[in-house]
Amino acid sequence: MSLKLRPQIGGMSPYSPGKPVEEVRRELGLERIVKLASNENPLGPSPKAVAALQAAAAEAHLYPDAAAHDLKAALADRAGVSADRIMVGNGSDELIHYLGLALLQGPETRLLIGDPTFVRYAASGQLADSRIDRVPLTSDWRHDVGAMASALTADTRLVYIANPNNPTGTIVTREEIDLLVKALPAGCLLVLDEAYFEFAEGSADYPNGLDLVQGDLPVCVLRTFSKAFGLAGLRVGWGVAPADLVDAVNRIREPFNVNHLAQRAALAALSDSEHLHQTVKVNADGLAGVWSLAESVGLSVIDSRANFACIDLGRPAEPVFQALLRRGVITRSGHVLGMPNHLRVSIGTPAEMEVFAAEFRAVWQSL
Ligand SMILES: *Cc1c(COP(=O)(O)O)cnc(C)c1O
């Protein structure tokens, strides 16, 4: 039997995540496995979030609040906007999917993205059968905002800037964002995906996207609880968008898209500034460690403001990724991320980073 599937599905690929620890354990029979592949919080969730989860577990028989009232109210307060400007999703991945559904349909609509950037943007464009315009990053792996502005057309409906970018960790400045906003054609939305905001916000040249959503610019900011807040397994993302777009997403979204436990845990995590502070500190130290490691073996690292770093190996990263994997260290090979000579390593605990440094040195010396 062969079904008449939508033709654009054939051109799409399933998402390829970092290798799960259990899979590596099964395949290689290793005891010690360190996963530095998915930009997860190495400290785990906030204890306040865990307590909220435990309390909410006994209410798992009830449908969640479809309006996510308490969570949206807290986020609106934090963002300095009214609650009708807030949308929440089953991870920001789900919101990316909805933005594509809301704004893209057919080849007369265009999606503009950097290359390489987060792969889910292109997936939403492929599903919509829209044109996807990809603008290569600059030689120092930053979004080429000037070239992106020049690539806008009257048909461009959606533009993504991941700030910091994934997989590079590089940032764009406020001046660059302003340039792009000024160049947007009528009806086009700029999305600032700030999944790594909390790690970057200490940098003087890093802008807060929420400053741009206070007025009525066609700008949407996406944030997530998956990275600094340590709740990747619960899937909670949020965004601030023009009210008519939030209204559109409310019409198309799954009614209970953020589950009850996730809503409660996210709300509790928001109030744990100590956990966030620790997270950002451990990350800054870990990033500095990757720089010294790379320097000590004569390699360079892309200037990342996120919770991962890309080491330029100057040769294909895949064999290095494989060799590290055999030694129980899971990283990401740049070959699946559109930068084949780079190895992307997520920042772990100090102990995990010591294992990484030792194993990386051993692998590098054996090449
Ligand atoms: C991790 C990541 C996301 C997805 O986060 P979820 O909220 O877990 O879906 C979105 N954008 C970028 C750039 C990311 O790296």
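The values are calculated or read from the model by the stated rules, or taken from the named source; none is laboratory data. Please read all numbers here as calculations on a predicted model, not as lab measurements. Every residue, glycine among them, receives a Cβ derived from its backbone with ideal geometry; neighbour counts consider all protein chains shown.
At-a-glance table
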{"read-out": "In the range 296-314, residue surrounded by the most Cβ atoms within 10 Å (Cβ to Cβ) [restricted to those that are farther than 13 Å from W364 by Cβ and of a type in the set (D, E, K, R)]", "value": "R305"}
{"read-out": "Check on G338, modelled with pLDDT under 95 and either under 30 Å from V50 (Cα atoms) or within 20 Å of the chain's Cα centre (by Cα) (or both)", "value": "yes"}
{"read-out": "Residue count for the range 29-43, restricted to those that are of a type outside the set (D, E) and away from the ligand (no atom under 16 Å from the Cβ)", "value": "6"}
{"read-out": "Filter result for V135 (outside any loop (DSSP other than H, G, I, E, B) and within 16 Å of the ligand (Cβ to nearest atom))", "value": "no"}
{"read-out": "Only listed residue being assigned to a helix (DSSP H, G or I) and in contact (Cβ under 8 Å) with a residue 24 or more places away in the chain, chosen from A60, A51", "value": "A51"}
{"read-out": "Where A288 falls short, out of the listed (1) surrounded by fewer than 18 Cβ atoms within 10 Å (Cβ to Cβ); (2) in contact with a Phe, Trp or Tyr (Cβ under 6 Å, 6 or more places away or on another chain)", "value": "(2)"}
{"read-out": "Residue count, the range 331-359 (criterion: under 19 Å from V282 (Cβ atoms), of a type in the set (A, V, I, L, M, F, W, C) and touching a Leu at 6+ places or on another chain (Cβ under 7 Å))", "value": "4"}
{"read-out": "Subset of the range 23-48 [free of Cβ contacts under 8 Å to residues at least 60 places away in the same chain and in a helix (DSSP H, G or I)]", "value": "E23, R25, R26, E27"}
{"read-out": "Hits in the range 218-233 (condition: near the ligand (Cβ under 9 Å from one of its atoms) and hydrophobic (A, V, I, L, M, F, W, C))", "value": "L222, F225, L231, A232"}
{"read-out": "Pairs where the first residue, in the range 232-254, is without any contact (Cβ under 8 Å) to a residue 40 or more places away in the chain and within 19 Å of V221 (Cβ to Cβ) and the second is among the β-branched types (V, I, T) and crowded, with 19+ Cβ neighbours inside 10 Å, C-beta under 6 Å, 6+ apart", "value": "none"}
{"read-out": "Residue check for L324: part of a helix (DSSP H, G or I), modelled with pLDDT of 95 or more and touching a strand residue (DSSP E or B) at 6+ places or on another chain (Cβ under 8 Å)", "value": "yes"}
{"read-out": "Condition check for D303: away from the ligand (no atom under 16 Å from the Cβ), under 21 Å from Y196 (Cβ atoms) and not in a helix (DSSP H, G or I)", "value": "yes"}
